[in-house]
Ligand SMILES: Nc1ncnc2c1ncn2[C@@H]1O[C@H](COP(=O)(O)OP(=O)(O)OP(=O)(O)O)[C@@H](O)[C@H]1O
Ligand SMILES: [Mg+2]
């Protein structure tokens, strides 16, 4: 009856919070049986009236039960809200722990986990359904109605053994007969969710800042609006289709319900008329027979699917990520700049066919800088990611001072390594947090000095106060320009060098800097990292030529290697690329018509 996600959901409530989860169940059961108890108490009162006995105790009992019914409703609602919050927190917590556990990042890109990751990430944003603290109340209502109906039927065992069975079967059959019209199940199918996702996306394009510029510039407003409306229409059509009642099952359900109820009510009436049933018992049994109808409206409702999906998703993600082996290397990397070797490295991204690196051989002597150049998609960033062990090579190996990277203690290796990635991190936290995340610099070098030095070297001093949040959405917060953000990323890397990193990866570190900034800052970055082993990836040859050596990456392997002068003399790929870029700086003198060569490279 329950699917695996739903079972996991019910089991998870007490795990999210033992006292609250248990209380939620306890009050649920109490609320389900109270109407039946009230019916019994009413019979007791009528019996007392008929028999001329004292009315005090039955009246007090009814009053007490009635008060409980009134009190437990709001109490349970509050409990539902709280349990929903706790469950959401508990799931978010587990998701964060599970996602942060693996050393690499391939799991976040795994297409097999993509669906579960989306559900586990977004379930409480209210995009595809109500958040958990709201659904819990709907779920409780369905279960209470079901319990109320079942409890009421139980009373009928006191009348005829078959009566509760007939009513239980009758009312349950409505679920079975109407299952086909599957209102709440069909409302949450894959096409519905997809239409919803598309509608949501169009909606965000229209209201969120990131797309605002292009939406206006390209005149996309009406197009976005059309998309939104069309997907919304599609969504509603699908939901309507799913919700529409199928006539035949409705008629069948009506027939079954009428027959079952006619039988039981006729039997009660017959017994009452025969004088075989007292007034009190007749009233109790009639109330019970009526109460059983709650089963038709109760049970598992639409809210359960949305609430159970993330519980199942998080459990599956945990299961999958738990099997990813963690780095077991124990060797401690030296404190000095190491020699780095890529030895015949082959690599293909998980879930893809094409190998990005194939027979990639490269040695970077200790304490020197190596520039990697190559066309877009050549695999430069990929090589940098392998060196950080965000992925491991499929074949070949990377050695650090002769030791396989996989045998090094990963945490210590990453402590020794720093990078400005092409898509560097922009933390919506303070400038201080951006330059010295986790307070490593402060801890190891005392407050102030190194942080200031890193900021100055990267030209990021004076951008904001250290404690200003770098995001507009916060009080006193500010935003930076693209190049200013890049300076902050460079400062972060220089800070890491000050804190002990000796391997520096610079992936397009100056792509967004202005010409003067590029020259000045890169000079200072080179000076600050002179004692490190540095890999520099850049399309700007003014930057590239400063590296000790340069390699050209093509077809997944190194096709040229040497110093700038050597490669220029060699006259191969590097020379061609260099000349191509240099030629951009040749222009005609407007007066003489002669070529003016701007030797900026
Ligand atoms: N996470 C990923 N999953 C699958 N394929 C990827 C992933 N990242 C990159 N690729 C693919 O690997 C190839 C190499 O990508 P990489 O980012 O290393 O190129 P690059 O040399 O840094 O290029 P660019 O100069 O544009 O930065 C590309 O074809 C790219 O499509
Ligand atoms: Mg790249």
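The values are calculated or read from the model by the stated rules, or taken from the named source; none is laboratory data. Model, not experiment: these values are computed from the prediction. Counting neighbours? That spans all protein chains shown, and the Cβs are built from the backbone with ideal geometry, glycine included.
When 374, 351, 367 are checked against the criterion of being more than 9 Å from ligand 1 (Cβ to nearest atom) and either farther than 24 Å from residue 575 by Cβ or in contact with a strand residue (DSSP E or B) (Cβ under 9 Å, 6 or more places away or on another chain) (or both), 367 stands alone in meeting it.
Being over 24 Å from residue 33 (Cα atoms) and assigned to a helix (DSSP H, G or I) is a description that does not apply to residue 281.
Of the residues in region 445-455, not one is touching a strand residue (DSSP E or B) at 6+ places or on another chain (Cβ under 6 Å) and crowded, with 17+ Cβ neighbours inside 10 Å. Residues in region 436-458: is at least one under 26 Å from the mean Cα position of the chain (by Cα), part of a helix (DSSP H, G or I), modelled with pLDDT under 90 and farther than 26 Å from residue 349 by Cβ? Looking for residues that are under 26 Å from the mean Cα position of the chain (by Cα), part of a helix (DSSP H, G or I), modelled with pLDDT under 90 and farther than 26 Å from residue 349 by Cβ, one finds at least one in region 436-458, hence yes. Taking the stated definitions as given, is residue 530 more than 34 Å from the chain's Cα centre (by Cα), outside any loop (DSSP other than H, G, I, E, B) and more than 16 Å from ligand 1 (Cβ to nearest atom)? Considered against the rule, which asks whether it is more than 34 Å from the chain's Cα centre (by Cα), outside any loop (DSSP other than H, G, I, E, B) and more than 16 Å from ligand 1 (Cβ to nearest atom), residue 530 comes out as no.
Whether any residue in region 488-503 is part of a helix (DSSP H, G or I) and within 16 Å of ligand 2 (Cβ to nearest atom) is what I want to check. The answer is yes; a qualifying residue exists.
In region 373-389, of all residues being within 25 Å of residue 412 (Cβ to Cβ) and in contact with a helix residue (DSSP H, G or I) (Cβ under 8 Å, 6 or more places away or on another chain), the one that is farthest from ligand 2 (Cβ to nearest atom) corresponds to 389. Applying a threshold of 9 Å to beta carbon distances and a minimum spacing of six or more residues, or different chains, the list of pairs starting in region 107-124 at a residue that is part of a loop (DSSP other than H, G, I, E, B) and ending at one that is modelled with pLDDT of 85 or more reads 110/117; 110/320; 110/350. If the condition is being out of contact with any strand residue (DSSP E or B) (no Cβ under 6 Å at 6 or more places or on another chain), within 16 Å of ligand 2 (Cβ to nearest atom) and farther than 18 Å from residue 435 by Cβ, then region 509-540 contributes 511, 538, 539, 540.
Looking at (1) under 26 Å from residue 335 (Cα atoms); (2) surrounded by 14 or more Cβ atoms within 10 Å (Cβ to Cβ); (3) at pLDDT 85 or above, which is the only condition residue 411 fails? In the conditions (1) under 26 Å from residue 335 (Cα atoms); (2) surrounded by 14 or more Cβ atoms within 10 Å (Cβ to Cβ); (3) at pLDDT 85 or above, residue 411 misses (2) alone.
Is region 259-278 home to any residue that is farther than 22 Å from residue 162 by Cβ and in contact (Cβ under 8 Å) with a residue 24 or more places away in the chain? No, every residue in region 259-278 fails to be farther than 22 Å from residue 162 by Cβ and in contact (Cβ under 8 Å) with a residue 24 or more places away in the chain. The one condition from (1) touching a helix residue (DSSP H, G or I) at 6+ places or on another chain (Cβ under 8 Å); (2) at pLDDT 90 or above; (3) over 24 Å from residue 285 (Cβ atoms) that residue 226 does not meet is (1).
Can you find even one residue in region 342-355 that is within 16 Å of ligand 2 (Cβ to nearest atom) and surrounded by 20 or more Cβ atoms within 10 Å (Cβ to Cβ)? Yes. Within region 317-330, can one find any residue that is closer than 30 Å to residue 549 by Cβ and not assigned by TED's automatic domain parsing to the domain that holds residue 97? Yes, region 317-330 contains at least one residue that is closer than 30 Å to residue 549 by Cβ and not assigned by TED's automatic domain parsing to the domain that holds residue 97. Restricting region 417-442 to residues that are in contact (Cβ under 8 Å) with a residue 60 or more places away in the chain and in contact with a strand residue (DSSP E or B) (Cβ under 9 Å, 6 or more places away or on another chain), the residue that is surrounded by the fewest Cβ atoms within 10 Å (Cβ to Cβ) is 422. In region 542-554, the qualifying residues are those that are out of contact with any strand residue (DSSP E or B) (no Cβ under 6 Å at 6 or more places or on another chain) and within 16 Å of ligand 2 (Cβ to nearest atom), and the one that is nearest to residue 365 (Cα to Cα) is 543. Between 43, 73, 64, the distinction of being assigned to a helix (DSSP H, G or I), touching a residue at least 40 places away in the same chain (Cβ under 8 Å) and surrounded by fewer than 17 Cβ atoms within 10 Å (Cβ to Cβ) belongs to 73 only.
Scan region 284-308 for residues that are part of a helix (DSSP H, G or I) and modelled with pLDDT of 90 or more and report the count. So the answer is 12.
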